[in-house]
Amino acid sequence: MDDRQSQIPVPLKAAFTVWILVWAPIYYVTYGPENYLWLCDVANFLILYALWSENRAIMSSQLVATLIVGIAWSLDLATALAVGFHPFGGTEYMLREEVALGIRLLSLFHLFLPIIAAYGCARLGYLTRGLWIQVAITAPLLAVSRIVSTAEDNINWVYGPFGATEHPFSASVYLLLLFLGYVLLLYLPAHGLAVAAGRLVRRRT
């Protein structure tokens with residue numbers, strides 16, 4: 001794309017590229033390539049693509065993917081740091097001293113991915129089909145995560161919610177419920193907020 005027509009500043013694109021060049025190799029060495037199946041890790045790569053290509057649909061899909069997750073992750077960590085209690089779960093590893101501090105700090109990308117995706121959508125415009133793109137991304141990723149990961153890895157929580165691996169459902173039923181949980185509890189609320197924000201901006205302009 002011609003820089004003169006670019007909607008997203010090149011310094012942001014460059015800075016995020018540097019982030020990926022730092023984060024991705026360290027995660028590869030620390031966790032292995034299968035760790036990239038985490039939806040939040042996939043978001044890093046898709047946002048990088050969306051920034052440089054200025055692809056509205058992909059940027060919109062990653063706002064759907066990261067907004068509620070990022071808010072919940074941040075609240076869970078902040079509450080745990082303040083009072084020692086995880087209201088949602090999923091950030092327990094951030095307080096484990098056996099995990100290197102540098103690795104834990106890299107996980108702070110959960111804080112800024114929604115901000116970058118929201119900024120990208122503010123500049124490019126939010127597309128409602130981003131919701132369906134993210135739904136289409138999630139379904140095969142959950143299936144592959146179940147095949148590739150172990151109960152110990154529990155990538156995308158395909159063996160149990162929030163790191164747990166015990167539940168009363170068969171594997172297929174649990175995966176279906178997990179998929180519906182992602183869509184109904186995470187993606188639809190994020191989509192609704194994005195649509196509402198877009199309408200508010202249009203009214204003010």
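Just so you know, all these numbers are worked out from the coordinates, no wet-lab data involved. Keep in mind the model is a prediction, meaning the values are calculated, not measured. Reconstructed Cβ throughout: ideal geometry from the backbone, glycine too, with neighbour counts over all protein chains shown.
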Reciprocal mean inverse distance between Cα atoms of the chain - Kirkwood radius, Å: 17.9 Å
By count of other Cβ within 10 Å, fewest leading, how are TRP38, TRP23 ordered? TRP23, TRP38
Cα gyration tensor shape for segment 5-88, rounded if a/c is under 1.5, else prolate or oblate: prolate
With Cα atoms, 0 to 90° folded angle of helix 39-53 axis to the chain main axis: 20 degrees
Per DSSP, loop GluC sites (Glu not before Pro) in segment 83-113 with at most 16 further Cβ within 10 Å: GLU97, GLU98
To the nearest 10 degrees, how steep is helix 129-148 against the longest Cα principal axis of the chain, on a 0 to 90 scale? 30 degrees
Please list, in order along segment 118-126, the HN-Hα scalar couplings obtained from phi with the Karplus expression 6.51 cos²θ - 1.76 cosθ + 1.60 (θ = phi - 60°), rounded to whole Hz, x for Gly and Pro. 5, 5, x, 5, 5, 7, 9, x, 8
Degrees separating the helix 56-83 axis from the principal Cα axis of the chain, which is the longest one: 50 degrees
